[in-house]
Amino acid sequence: MIRYAIITSLVIASIDLGNAATLKFDASRYSQAVTGCDRLTAHPDDPLRVAPGVERSDIDLPAAIEACELAVSRDPSNPRLRYQLGRVYGYSGQGEKGVPHREAAVAADYPQALFVIGYLHLEGLNKARKDVCRAAELVHRSALFGRFAGLVGYPMWVMQGRFEGCPTPQDPQQLRAFLDEASAQTSDFYKQSLIGELRSKLAALK
């Protein structure tokens, strides 16, 4: 809990709670060359993917694992590749092998990893320890980086009471800003409908 409090205090000190996405991931620090791992494993919802996304049902897991292990061995500091290797290990039932790669991507603040690993901790899935407050920390941080799922998911789970007692900011002003940012990112009817529902629920909390 001390760790969460320290991280949260740093976040609060560095942002305006009225703003939404205040952080930017600098992908230029890492190679953007398309690898076999990217071609076989890129997540369709990852805004920083460098190849067309591949749905889980379409992944050739043995080939993807081999390609991602090779890519990571050549570029171990690349959080995109670490996230993708963790993804295919998880899908193949080898979640424990995926943990160090997920954590490496999280440590590098890779936005897709922040949200996905946060969700895994929220539900205790795929060998991730169930830890609601770590989930809150990671999902909130993904929202600060402008990850759509975090911008929507964080306010939703706060209003559901899933993050009650956790030290991450839960100020209605910031939740509203997250939803505004999410709305600006999409014209999809179903996504806009969900955002509208969440805005209505947030307004009713006043």
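Tabulated data for the structure shown
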| item | result |
| --- | --- |
| Cβ charges +1 (Lys, Arg) and -1 (Asp, Glu), total dipole of region 26-108, debye | 160 |
| Neighbour net charge for E96 - beta-carbon separation under 14 angstrom, K R +1, D E -1 | +3 |
| GNM result for the chain, Cα springs below 10 Å: residue of T22, T186, T41 fluctuating most strongly | T186 |
| Region 45-136: trypsin sites (Lys or Arg not before Pro) falling in loop per DSSP and having at most 16 other Cβ within 10 Å | K127, R129, K130 |
| Rounded Å value of the spacing that divides the Cα centres of region 47-117 and region 148-206 | 27 |
| Loop-located GluC sites (Glu not before Pro) in region 41-103, at most 14 other Cβ atoms within 10 Å (DSSP) | E55 |
| Spin-label model distance (nm) - L194 vs R129, 7 Å beyond Cα toward Cβ | 2.9 |
| Solvent-free Debye scattering, log10 I(q)/I(0), computed from the Cα coordinates of the chain at q = 0.10, 0.15 Å⁻¹ | -0.43, -0.94 |
| The chain, dipole about Cα centre (Lys/Arg Cβ +1, Asp/Glu Cβ -1), debye to the nearest 20 | 300 |
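Readers should treat all values here as calculations from the given coordinates under stated rules, not as data from a laboratory. Since we're looking at a predicted model, the values are computed, not measured. Positions of Cβ are backbone-derived with ideal geometry, glycine not excepted, and every protein chain shown enters the neighbour counts.
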